[in-house]
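The values are calculated or read from the model by the stated rules, or taken from the named source; none is laboratory data. Everything numeric in this text was worked out from a predicted model, so none of it was measured. Note: ideal-geometry Cβ built from the backbone for every residue, glycine included; neighbour counts use all protein chains shown.
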Amino acid sequence: MADPRDRAHTVGVRAGLDKRPADVAAMFDRVARRYDVTNTVLSAGLDASWRRATRDALAPRPGQTVLDVAAGTAVSTVELAAGGVHAIACDFSQGMLRAGAARAVPKVAGDAMALPLADRSVDGVVISFGLRNVADPDAALREFHRVTRPGGTLVVCEFSSPTWAPFRTLYTEYLMQALPRIARAVSSNPEAYVYLAESIRAWPDQAALAGRIAGAGWGDVAWRDLTGGIVALHRARRS
Ligand SMILES: C[S@@+](CC[C@H](N)C(=O)[O-])C[C@H]1O[C@@H](n2cnc3c(N)ncnc32)[C@H](O)[C@@H]1O
């Protein structure tokens with residue numbers, strides 16, 4: 001008898017660039033089963049170093065509480081949880097949270113734009129490869145500010161814009177041509193990786209995102225490029 005999960009190889013589910021929450025959650029539900037391995041293949045193993053850099057940017061201290069928004073399978077949360085940090089995974093895709101069930105961190109279902117947390121209840125918020133998928137990123141950034149204690153930190157790890165023009169051209173070619181082809185061989189929902197490429201191209205560059213973070217009330221906004229700007233880490237403080 002056919003494994004019903006294999007239907008996902010032939011029936012793709014993808015969100016549009018309007019990022020309607022129900023479509024985004026459904027798309028990630030269908031990506032979930034092979035999400036971690038697809039990430040590692042498509043990033044040529046760089047994802048692990050991007051996660052370590054995200055933790056270094058947050059620099060959480062033992063005993064602090066950190067919220068990992070859009071945590072998916074909690075692969076980003078376990079990196080934050082080392083050394084006595086209380087890291088909580090939050091995502092609105094039940095499929096992604098279930099796929100990460102074996103990861104021993106607390107998990108909560110919730111929307112980045114209406115977090116199920118009290119005001120000023122966490123020391124830091126991280127969102128890795130998530131903000132680009134949120135229907136209203138500015139509302140989410142304001143919500144992260146609401147739940148963070150004064151003095152707390154926000155780290156946004158997101159695909160960005162390579163700074164060297166020839167590299168940017170090559171990378172765009174990879175995104176639009178090679179990446180969807182590789183995803184067809186590896187992912188449980190290859191259509192989602194067409195969305196991935198398009199959503200990266202439509203996303204604000206480093207300076208524009210910094211402006212959006214500041215516009216949501218965050219101070220001391222700064223960023224650092226990783227892998228030539230394929231990824232940018234933005235950090236900000238709550239006053
Ligand atoms: C590309 S995955 C990132 C997962 C993980 N943070 C990582 O670094 O691999 C994006 C995640 O964002 C979640 N997401 C998108 N919009 C969301 C929202 N409004 N609220 C909560 N989660 C959201 C999706 O369900 C998905 O699990």
### Query
Among the residues of segment 98-118 satisfying the criterion of being within 23 Å of residue 59 (Cβ to Cβ) and more than 6 Å from the ligand (Cβ to nearest atom), which is surrounded by the fewest Cβ atoms within 10 Å (Cβ to Cβ)?
104
### Message
So if I check each of 187, 160, which one is at pLDDT below 95, crowded, with 19+ Cβ neighbours inside 10 Å and in contact with a Leu (Cβ under 9 Å, 6 or more places away or on another chain)?
### Response
187
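From the list 54, 73, 148, pick out the single residue that is in contact (Cβ under 8 Å) with a residue 12 or more places away in the chain and over 27 Å from residue 14 (Cβ atoms).
Working: 54 fails: over 27 Å from residue 14 (Cβ atoms); 73 fails: over 27 Å from residue 14 (Cβ atoms).
None of the others qualify; the one that does is 148.
Hey, among 61, 33, which residue is over 27 Å from residue 113 (Cβ atoms) and either surrounded by fewer than 23 Cβ atoms within 10 Å (Cβ to Cβ) or within 10 Å of the ligand (Cβ to nearest atom) (or both)? Don't jump to the end; show me each part of the working.
Details: 33 fails: over 27 Å from residue 113 (Cβ atoms).
Result: 61 is the single residue among 61, 33 that is over 27 Å from residue 113 (Cβ atoms) and either surrounded by fewer than 23 Cβ atoms within 10 Å (Cβ to Cβ) or within 10 Å of the ligand (Cβ to nearest atom) (or both).
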### Summary
Filtering segment 83-97 down to residues that are away from the ligand (no atom under 11 Å from the Cβ) and under 18 Å from residue 36 (Cβ atoms) yields 87
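Name the single residue, out of those in segment 9-30 being in a loop (DSSP other than H, G, I, E, B) and surrounded by fewer than 19 Cβ atoms within 10 Å (Cβ to Cβ), that is modelled with the lowest pLDDT. Don't jump to the end; show me each part of the working.
From segment 9-30, those in a loop (DSSP other than H, G, I, E, B) are 11-20; that's our starting set.
This time we only want the ones that are surrounded by fewer than 19 Cβ atoms within 10 Å (Cβ to Cβ), so: 11, 13, 16-20.
Values: 11: 49, 13: 86, 16: 93, 17: 94, 18: 94, 19: 96, 20: 95.
Only one residue tops the list, namely 11.
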### Message
Among (1) assigned to a helix (DSSP H, G or I); (2) buried (at least 20 other Cβ atoms within 10 Å of the Cβ), there is one condition residue 142 misses while meeting the rest; what is its number?
### Response
(2)
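For segment 47-103, list the helices (runs of 4 or more DSSP H) that sit wholly inside it and hold at least 1 residues that are under 18 Å from residue 148 (Cβ atoms) and touching a strand residue (DSSP E or B) at 6+ places or on another chain (Cβ under 7 Å); which are they?
Values: elements: 47-58, 75-81, 94-99.
Where helices (runs of 4 or more DSSP H) fall fully within segment 47-103 and carry at least 1 residues being under 18 Å from residue 148 (Cβ atoms) and touching a strand residue (DSSP E or B) at 6+ places or on another chain (Cβ under 7 Å), they are 47-58, 75-81.
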